[in-house]
Amino acid sequence: METYSEVLDAKGYIDEAIDPRLDLVAEIQRLKKEKNAVILAHYYQEAEIQDIADYIGDSLGLSQEAAKTQADVIVFAGVHFMAETAKILSPQKKVLLPDLKAGCSLSDSCPPHLFAKFKELYPDHLVITYVNCTAELKALSDIVCTSSNAVQIVESLPADQKIIFGPDKNLGAYVKRKTGRDLVLWNGACMVHEIFSQEKIDRIRREYPEAKFIAHPECEEHILKAADFIASTTGLLNYTQRESANTFIVATESGIIHQMQKASPHKTFIPAPPNNACACNDCPHMKLNTLEKLYNCMKFELPEVTLPADVIIRAQRPIERMLEISAKLGL
Ligand code: SF4
C-alpha cells in the first residue's frame, strides 16, 4: 500500500475516494471549525472554491490576511508560491495547499540558481522581484513588489539606483515605461497573460464599441497599449465597480470575473480571448485545485507547504521592505 508521501510525490494531492452523498461544502465548513482553519482563495480559483473561502483576493493580500488571523491552519486555494508566501509571513502556522502540483509558469521561468548567477553579473544593482516567484527567489531579493505597487516602489528609490527586476519581463517593461527608469529585466513571463489575441479583442471591441478594455500589467506591451485601464487584479475589480461603463473586456485570468459579476450584477464582463480555440483564458495551474482536493487536504492536513528556516528569514526581509515603503507612501 502506498504511503501518503508516495501519493503526494506521484500525484501532488491526496486522492482518497469521497462518498458521493457527502455535502462537501458542509463538510468543509465543519472541518474548518474543528481544525481552527482559515480558507484563502485567489481570484483565479473556480467559483465554487471562491464561494466557500473566508477571504478572496490577490496573493499578497491573502497572505497578509492569514498573518492577522488566529487560525492554526491556513488552507491556501491558490498556487505553490502563494502558499509559500503565507508560510513566510506565518511561519508558526500549518499551511496547506490542495494540490502540490499547482505551480506557476512565471515562477518556473526563473530558477533561483540561474537568477543567482544573473545577479552576479550586476553586483551594484538592487534586486526587485514581483511577488509571483518562489520563496528562494524572494530570499535572493532586496525588495518584493506586487503589480499594484511596482511602479511606486521603483519611483521611491534614488534616480541613480541601478535595478534588476524579475521575474516578469512584461510587468518589468511596463514599470520601465511608467517610470522612465532603465531596469535590467529577467526574461520570465506568465503563460496566461502572454497569449491574448489582439485580433479577437479588436473584433469584440468593434461589436461592443462602448465597452472598456481593461488589462493586467503582466500582459504584453501591444495589449497594454490598447487598454483603457491597466491595474492589478484587485485594481481591475475596483475599477469595474466605480466606472459607469456597463461592459468590460477583461484581459487577465477569467476567474476574477466571478467577483466582478457578484459586485456588479447588472454589468457585462467579457473575458478577453486567447490566441487558441478557447473562449476565455484559464490558468491551468490555478484550476488544478478542486472542491474534492480541498476537502481531502483539510481532512488529512496534507499536502503541507514547508520551507527551511533560513529561507523564511531571508525571504521575510524583502517583503518587510515592500510593506515599509508602501506604508511610507500611503499605498
Ligand atoms: S495566472 Fe500566470 S502568474 Fe498566475 S499562477 Fe497562473 S501562470 Fe502563474
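With of a type in the set (D, E) and over 26 Å from V192 (Cα atoms) as the only criterion, which of D51, D19, D99 stands out?
Among D51, D19, D99, only D19 is of a type in the set (D, E) and over 26 Å from V192 (Cα atoms).
Of (1) within 16 Å of the ligand (Cβ to nearest atom); (2) assigned to a loop (DSSP other than H, G, I, E, B), K287 satisfies all except one. Which?
Just one mismatch for K287, condition (2).
The rows are residues; the columns are (1) within 22 Å of Y43 (Cα to Cα); (2) touching a strand residue (DSSP E or B) at 6+ places or on another chain (Cβ under 9 Å); (3) within 13 Å of the ligand (Cβ to nearest atom).
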{"site": "L183", "(1), (2), (3)": "no, yes, no"}
{"site": "R205", "(1), (2), (3)": "no, yes, no"}
{"site": "K212", "(1), (2), (3)": "yes, yes, no"}
{"site": "H216", "(1), (2), (3)": "yes, yes, yes"}
{"site": "Y239", "(1), (2), (3)": "yes, yes, no"}
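Farther than 23 Å from L323 by Cα and either within 14 Å of the ligand (Cβ to nearest atom) or not assigned by TED's automatic domain parsing to the domain that holds S63 (or both): is that true of R177 in this structure?
In short, yes.
State whether the residues of the stretch 241-249 include one that is among the acidic types (D, E), assigned to a helix (DSSP H, G or I), more than 16 Å from the ligand (Cβ to nearest atom) and open to solvent by 40 Å² or more (accessible area, probe 1.4 Å).
No, because not a single residue in the stretch 241-249 is among the acidic types (D, E), assigned to a helix (DSSP H, G or I), more than 16 Å from the ligand (Cβ to nearest atom) and open to solvent by 40 Å² or more (accessible area, probe 1.4 Å).
Restricting to the stretch 188-207, name every residue that is open to solvent by less than 80 Å² (accessible area, probe 1.4 Å) and over 19 Å from E253 (Cβ atoms).
D202, R205
Which pairs turn up if I take residues in the stretch 206-223 that are in contact (Cβ under 8 Å) with a residue 60 or more places away in the chain and look for partners that are open to solvent by less than 10 Å² (accessible area, probe 1.4 Å) and among the acidic types (D, E) with beta carbon separation below 6 Å, at least 6 apart in sequence or on another chain?
What qualifies is E218/D168.
Would you be able to tell me the number of residues in the stretch 95-111 that are open to solvent by 10 Å² or more (accessible area, probe 1.4 Å) and closer than 14 Å to N296 by Cβ?
Qualifying residue count for the region: 1.
Please report, ordered by residue number, the strands (runs of 3 or more DSSP E) entirely within the stretch 9-120 with at least 2 residues that are modelled with pLDDT of 95 or more and either over 21 Å from L288 (Cα atoms) or away from the ligand (no atom under 16 Å from the Cβ) (or both).
Per the criteria, 37-42, 73-77, 94-96.
Could you look through the stretch 125-149, keep only residues that are among the hydrophobic types (A, V, I, L, M, F, W, C) and either in the same structural domain as G235 (by TED's automatic domain parsing) or in contact with a Phe, Trp or Tyr (Cβ under 7 Å, 6 or more places away or on another chain) (or both), and pick out the one that is surrounded by the fewest Cβ atoms within 10 Å (Cβ to Cβ)?
Checking each candidate, the answer is L140.
Going by what's in this entry, would N238 be described as outside the structural domain of I14 (by TED's automatic domain parsing), open to solvent by 20 Å² or more (accessible area, probe 1.4 Å), assigned to a helix (DSSP H, G or I) and farther than 25 Å from L97 by Cα?
The answer is yes for N238.
The values are calculated or read from the model by the stated rules, or taken from the named source; none is laboratory data. This is a predicted model, so every value here is computed, not measured. Every residue, glycine as well, gets a Cβ built from its backbone with ideal geometry; the counts of neighbours run over all protein chains shown. Accessible surface is based on the protein model in full, side chains and every heavy atom, while ligands, DNA and RNA are left aside. Shrake-Rupley method; radii C 1.70, N 1.55, O 1.52, S 1.80 Å.
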